[in-house]
Structures are given as C-alpha cells and as structure tokens.
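One structure is given below, encoded as structure tokens.
Every number here is computed from the coordinates shown, using simple stated rules; none is lab data. No experiment lies behind these values; they were computed from the predicted model shown. Don't worry about glycine lacking a Cβ; one is built from the backbone with ideal geometry, like all the others, and counts go over all protein chains shown.
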Amino acid sequence: MQIWPAIDLRGGKCVRLKQGDYARETVYGEDPAEMARHWVRQGASCLHLVDLDGARDGAQANLAAISAILAAVIFNALIIVGLVPLALRGVKTRAASAAHLLRRNLLVYGLGGLILPFIGIKAIDLVVHNLLGV
C-alpha cells in the first residue's frame with residue numbers, strides 16, 4: 001500500500017476544509033512548495049495535489065502554487081535522484097497538463113533553472129571527493 005500525502009490548495013495556501021465546507025477551512029501552510037518539500041523530506045514518494053478553487057470554479061486557480069510545487073519537487077529529484085509523482089485533482093485535466101506545466105516552468109525559470117543547480121551540485125561533489133577522498 002502507498003500513502004500519498006495530500007496538499008489541498010485554496011487561495012495559494014495549504015488548507016483543509018471541514019466536511020467540504022469552504023467557509024470552514026483550516027490553513028496548514030502559507031507556502032505550498034515548502035509543504036511539498038516537507039513531505040518529500042518525510043519520505044513521501046508521491047504527492048496528491050487538490051486545487052479546491054478549481055474544483056469549485058471549474059478552472060485551474062492555483063497554477064502559481066502548483067508550478068512552485070513542481071519546481072520544488074523537480075529540484076529535489078535532481079538532488080535525491082528520484083522523481084516524485086504528482087496527482088492533480090480538483091479540475092478537469094488533460095494528459096498534457098503536466099507537460100504544459102513543465103514547459104511553462106522551463107519558460108519562466110529557463111533551462112538553467114533546472115540544469116545549472118544540478119551542474120553546481122555535481123561540481124561541489126567532485127571537489128569534495130577529490131580534496132577529501134570522501
């Protein structure tokens with residue numbers, strides 16, 4: 001059995017609704033990307049994302065938060081060498097939506113936002129390995 005921690009998004013924040021009532025929400029975090037990193041650090045191999053605004057309104061509403069989570073998880077994947085799958089719920093999605101978000105992140109952050117951190121980490125690893133023999 002796999003357990004997928006859920007990150008419910010409303011207004012760009014991590015929330016829980018009491019019995020699905022939008023008037024009775026509890027905010028668990030202001031930074032969805034940090035929440036995703038928290039769950040990955042705790043050992044989560046998968047994350048379940050819920051766009052509550054999108055579920056209510058019928059259109060993606062938390063795209064910036066979802067993109068930030070995607071960028072955080074991809075960056076962590078380069079470090080821990082394991083991609084964390086995401087499941088997006090709350091809006092009608094198409095098979096290309098994850099690819100679209102990745103393309104958007106590449107345009108926003110540039111290819112260097114994905115490649116340069118990896119090169120930097122590898123360079124540090126090589127220096128430490130050669131100097132300390134670790």
Simple SL model, points at 7 angstrom along Cα→Cβ for W4 and E25; separation in nm is 2.1 nm
Charge tally for neighbours of R24 with beta carbon under 10 Å away, counting Lys, Arg as +1 and Asp, Glu as -1, is 0
Label model pair V127, D57: point-to-point distance (7 angstrom along the Cα→beta-carbon line) in nm is 4.5 nm
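So if I place +1 on the C-beta of Lys and Arg and -1 on the C-beta of Asp and Glu, and nothing else carries charge, what would the dipole magnitude of region 1-78 be about its Cα centre? I want it in debye, nearest 20.
On the way: 8 positive and 9 negative charges, 38 e Å.
Here region 1-78 has a charge dipole of around 180 debye.
Explain nothing, just the number: relative contact order of region 9-54, from Cα pairs under 8 Å at least 6 residues apart, as a whole percent. It would help to have the intermediate numbers written out before the result.
Values: 46 pairs, mean separation 18.6, N = 46.
Normalised by residue count, the contact order of region 9-54 is 40 percent.
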Within the under-10-Å Cβ sphere about A72, not counting A72, Lys/Arg +1 and Asp/Glu -1 give a net charge of -1
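For A64 and I119, calculate 0.36 nm times their separation in residues minus their Cα-Cα distance, and state this gained length in nm to one decimal.
The A64-I119 span can extend by a further 17.2 nm.
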